[in-house]
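Below is one structure; the comments refer to it alone.
Every number here is computed from the coordinates shown, using simple stated rules; none is lab data. Worth saying up front: this structure is predicted, and the values here are computed from it rather than measured. Backbone-built Cβ (ideal geometry, glycine too); neighbour counts: all protein chains shown.
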Amino acid sequence: MMTKPRRGNLYRDIPADLSEELFEPLAAHGDVRMERIVSNGHASPPGFWYDQAEREWVMVLQGCAGLRFDGEAHVLELAPGDWVEIPAHTRHRVEWTDPEGKTLWLAVFWGE
């Protein structure tokens, strides 16, 4: 049980060097969890698809990104303020993130 409020700032404490994407847990309760994700020109490896057992709601707060969903020809481009809810077991991948700066995501995951 949490005994006192926690606080932070999604735009602070971002490492200058991001050789790998940063996945940072922010909060969790039961089957719900929230993460900050920071990308810098990152993309899913060739041939890799996410296929999660959880639903995901993700929003771009800064930067931009392109998501591809299995079976769709086009890439869904996301800019600041854009969000998407991804049903469980919907195969998807990150095609690209902003190569000129950091892309900051807020993601919420919960059970099917």
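If the condition is being crowded, with 16+ Cβ neighbours inside 10 Å and closer than 27 Å to GLY30 by Cβ, then the range 62-93 contributes LEU67, ILE86, THR90, HIS92.
Of everything listed in (1) surrounded by 14 or more Cβ atoms within 10 Å (Cβ to Cβ); (2) touching a Ser or Thr at 6+ places or on another chain (Cβ under 8 Å), the single unmet condition for PHE109 is (2). Summed over the range 1-48, the residues that are without any contact (Cβ under 8 Å) to a residue 40 or more places away in the chain and of a type in the set (Val, Ile, Thr) give a count of 1.
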